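Notes follow the structure.
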Amino acid sequence: MSKQLIEFLTELNTNEKLRKNFKSDKEQTMKKYGVPQSDAQLVLDKNYDEIMKKLGCDYDISRNSVIEAFKIKK
Amino acid sequence: MGKGSLIIVGTGILTPAHLSQESISRIKGADVIHALVPDPLGLSTVSKLNNNVKNLGELYYDNDSAKNGNNRLESYNLMVEAIMCDVRDGLEVCAIFYGHPGVFVFPSHVAVQKAKDEGYEAIMLPAISAEDCLFADLGIDPGDIGCQAYEASQFVFYKHSINSSAAMILWQLGVVGDVTLTKLTPAENGVKMLQERLKQYYPADHLVTLYEASTLPIMPPRIEKVTLSQLDKAPIRTITTLFVPPLKDPILDLDFCKKWNIDTSHFH
């Protein structure tokens, strides 16, 4: 996945002008930002699973707790 | 070399949008960062704020090798030791966890306690948790009806006094029923056990919501309603949470209210 898409998604989180532009014209906004066509297509297709996979998201490591019973016994 | 200290912060669920100003400031000011952040957006954001980042993800339990311990608990303890090593070396350490660092995060609490026990300054800052996102996305106000929350396995294994007149949130469906702490999926009968336990309190046609907060700004949250009887057929993922709405209205305690001269004529 391109660095531009990571940058774009990061910016989209905090830049209101970019968010509004994206809302009104997704394709042009991504093109203007320099997001490669193949990545932009995944966004347009709402192929979130593939985007997450390509980004390298690993939500398994967001599981960081154990219930009290296991803390005592292990 | 200064006296070491520890600050624990959370990225929130959507980074950098959920990162608080206070957390940003503390990340920037730290000597070293220990980060357990599951998405590259989060990691990239943190790295821009402070380029001395140690990735705690490298210490996460690996089912294919024994390099990070024999189960998740052992790998969490390795993370605590990695954090404490830098604290003991006199560094200002900032440890960053996904979501709220104190909600469903074992190593953060242990690290704070350990640092305090050893005489170091240690604090944890609040952050946005998946529960905060759930209230916003589902339009639930826990103040309206009351709300109880359980880790799914704990809900299954223990006898609880469930209040079916209040809402209930069940967390970590993704490992429900797993007692080995080595799996990252529900146990073989985990969802079935959960279903059976829920049916002790709710009818089979009770509508529940499978919820997953949005983790990218282009992506909506998952809000999928199913009946209890359909629960074992629904896809359960790592970040899936179950919201169970109340079954009935609470019963007004008329005797108590009368004793204390409470006018109940306008009560629902």
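The values are calculated or read from the model by the stated rules, or taken from the named source; none is laboratory data. Note that the structure is a prediction, hence the values are computed from the model and not measured. All Cβ positions, even for glycine, are placed from backbone atoms using ideal geometry, and neighbour counts span all protein chains on display. These accessible areas exclude ligands, DNA and RNA; they are computed on the full protein's heavy atoms, side chains included. Shrake-Rupley method; radii C 1.70, N 1.55, O 1.52, S 1.80 Å.
Of all the residues that make up region B:211-268, how many are modelled with pLDDT of 95 or more, farther than 13 Å from B:Leu173 by Cα and aromatic (Phe, Trp, Tyr)?
2
Among the residues of region B:59-76, write down those that are surrounded by 14 or more Cβ atoms within 10 Å (Cβ to Cβ) and either within 16 Å of B:Ala30 (Cα to Cα) or more than 10 Å from every other protein chain (Cβ to nearest Cβ) (or both).
Selection gives B:Asn68, B:Gly69.
Which residues, counting only those in region B:15-43, are aliphatic (A, V, I, L, M) and open to solvent by 30 Å² or more (accessible area, probe 1.4 Å)? Even if it seems obvious, please write down each step before you answer.
Taking region B:15-43 and keeping what is aliphatic (A, V, I, L, M), we get B:17, B:19, B:24, B:27, B:30, B:32-33, B:35-37, B:41, B:43.
Listed by number, the residues that qualify are B:Ala17, B:Ile24, B:Leu43.
If I ask for residues that are surrounded by 17 or more Cβ atoms within 10 Å (Cβ to Cβ) and either farther than 20 Å from B:Tyr61 by Cα or facing chain A (nearest Cβ under 9 Å) (or both), which ones from region B:165-183 would you list? Can you show your working first?
Step one: list which residues in region B:165-183 are surrounded by 17 or more Cβ atoms within 10 Å (Cβ to Cβ), which gives B:166-178, B:181, B:183.
If the condition is that a residue be surrounded by 17 or more Cβ atoms within 10 Å (Cβ to Cβ) and either farther than 20 Å from B:Tyr61 by Cα or facing chain A (nearest Cβ under 9 Å) (or both), then B:Ala166, B:Ala167, B:Met168, B:Ile169, B:Leu170, B:Trp171, B:Gln172, B:Gly174, B:Val175, B:Leu181 are the ones that fit.
I'd like the residue in region A:1-29 that is over 21 Å from B:Thr45 (Cα atoms) and more than 10 Å from chain B (Cβ to nearest Cβ) and, out of all such residues, is least open to solvent (accessible area, probe 1.4 Å).
Here the answer is A:Thr29.
Out of region B:124-134, which residues are surrounded by fewer than 18 Cβ atoms within 10 Å (Cβ to Cβ) and touching a helix residue (DSSP H, G or I) at 6+ places or on another chain (Cβ under 7 Å)?
B:Leu125
Looking at region B:225-244, is at least one residue under 27 Å from A:Lys23 (Cβ atoms), more than 14 Å from chain A (Cβ to nearest Cβ), free of Cβ contacts under 8 Å to residues at least 60 places away in the same chain and within 23 Å of the chain's Cα centre (by Cα)?
yes
In region B:27-130, which helices (runs of 4 or more DSSP H) lie fully inside it and hold 3 or more residues that are over 17 Å from B:Gly10 (Cα atoms) and either modelled with pLDDT under 95 or not aromatic (Phe, Trp, Tyr) (or both)?
Once the helices (runs of 4 or more DSSP H) in region B:27-130 are filtered for at least 3 residues that are over 17 Å from B:Gly10 (Cα atoms) and either modelled with pLDDT under 95 or not aromatic (Phe, Trp, Tyr) (or both), what remains is B:72-88, B:106-117.
May I ask you to say which residue of A:Lys32, A:Lys53 is open to solvent by 80 Å² or more (accessible area, probe 1.4 Å), more than 11 Å from chain B (Cβ to nearest Cβ) and at pLDDT below 95?
Residue meeting the stated conditions: A:Lys53.
Of the conditions (1) buried (at least 18 other Cβ atoms within 10 Å of the Cβ); (2) farther than 23 Å from B:Leu242 by Cβ, B:Tyr98 fails just one. Which one is it?
(2)
Which of the residues belonging to region A:35-50 are touching a helix residue (DSSP H, G or I) at 6+ places or on another chain (Cβ under 7 Å), of a type outside the set (A, V, I, L, M) and either surrounded by fewer than 18 Cβ atoms within 10 Å (Cβ to Cβ) or not in a helix (DSSP H, G or I) (or both)?
A:Pro36, A:Glu50
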